[in-house]
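Note sheet for the following structure.
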Amino acid sequence: MEVASSANHTAQYISLGVLIILITLVVVLLRSKASRIIKYDVSTLTTVFFLLAILFLINAIPVTMHELALGSLKIPLEGRKDFTQNQRNTLTEQTIGILKDLKQDVTVVAMYQHGRPDEAAARDLFDQYQYYSKHFQYKFVDPYQDPVVALKYKDYIRLLDPQHLTINPGTIILEMEAPGANPPVLRKSAQLPTNGKPGEAEIKLSQALYQLLHQQKRTLYFTTGHGEKSPDAQPNTPGSLSAMKQGLENSQYVCKPLSLYKENKVPADADGVLVVGPQKDFEKSETDILGK
């Protein structure tokens, strides 16, 4: 399959190259129709070599344009084209789906030392994400040149040497505002590989983006009134679920008590209702509420 793909790409390059050369020759012939000998001036040769150089560069970079204009001739192109052999400039359908579903701004704070090759590779990847969503933004922070900004994210990054602010290359922090939530800005850190296999960095970034989007707090209700174990009981007391509550809160859940007898309904903001160790039977009206 890879050989066939490579052959198809080669055919595309040859076809486009032949087309460019033919068009250039036609222009030269029209300009020189009064003469039997075609004389190539310097500007014409320069144009030919320039167009051929573009053809070779296409193999190394992603091309995004709607049409190729050659004088009055315009060749329509369908969106974003990737002419690389292993499609390294093409995102997966899963990533594109996540990006197209973005409804609010997400900013990637990338901790890279300025001028390193991995910084350029990360920028290329971020540009591909930005192509599919206007809500995807990014910025680079050099922890050595701007340590004050880097320290702002000290709770989300791994410091190899805290004294000298040595950070793992490829460290990124994704940020998204969450009005009404606590905290008001959600963050998720990740580690992009600096010398990984093609597509590995995309997997890491998309996983972090997906986790960030599903990080907003959810509400769980614990029933009361039947001798249930309580998440609000003091630690080390019989029936205490304080450790469970702490774990849920660390996973972005809000824990609340629920008296079905008093409320006579399950609150609208409930993502789930937990019944833990009741000592008494529920009334039929209560089980009916839970069954709705």
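Computed values, structure above
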| read-out | value |
| --- | --- |
| Count - residues of region 247-264 that are loosely packed, with under 13 Cβ neighbours inside 10 Å and modelled with pLDDT under 90 | 3 |
| Complete set of residues in region 147-168 that are surrounded by 14 or more Cβ atoms within 10 Å (Cβ to Cβ) and modelled with pLDDT under 75 | Y156, I157, L159, L165, I167 |
| Scope region 267-288; condition more than 13 Å from T224 (Cα to Cα) and touching a strand residue (DSSP E or B) at 6+ places or on another chain (Cβ under 9 Å); matching residues | P267, D269, A270, D271, G272 |
| Selection count, region 261-283, where residues are touching a residue at least 24 places away in the same chain (Cβ under 8 Å) and part of a loop (DSSP other than H, G, I, E, B) | 15 |
| Region 103-157, subset assigned to a loop (DSSP other than H, G, I, E, B) and among the polar types (S, T, N, Q), residue farthest from A201 (Cα to Cα) | Q145 |
| Residue check for G239: open to solvent by less than 80 Å² (accessible area, probe 1.4 Å) and either basic (K, R) or closer than 25 Å to E286 by Cα (or both) | yes |
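Condition check ((1) farther than 17 Å from C255 by Cβ; (2) touching a strand residue (DSSP E or B) at 6+ places or on another chain (Cβ under 8 Å); (3) open to solvent by less than 30 Å² (accessible area, probe 1.4 Å)) across all residues:
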position: Q191; (1), (2), (3): yes, yes, no
position: N195; (1), (2), (3): yes, no, no
position: E200; (1), (2), (3): yes, no, no
position: S206; (1), (2), (3): yes, no, yes
position: L209; (1), (2), (3): yes, yes, yes
position: G225; (1), (2), (3): no, no, no
position: D232; (1), (2), (3): no, yes, no
position: P235; (1), (2), (3): no, no, no
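The values are calculated or read from the model by the stated rules, or taken from the named source; none is laboratory data. Fair warning: this is a prediction, and the values are worked out from it, not measured in the lab. Cβ atoms come from the backbone with ideal geometry, glycine included; neighbour counts cover every protein chain shown. Each accessible area value is taken on the protein alone, full model and side chains, heavy atoms only, with ligands, DNA and RNA left out. Shrake-Rupley method; radii C 1.70, N 1.55, O 1.52, S 1.80 Å.
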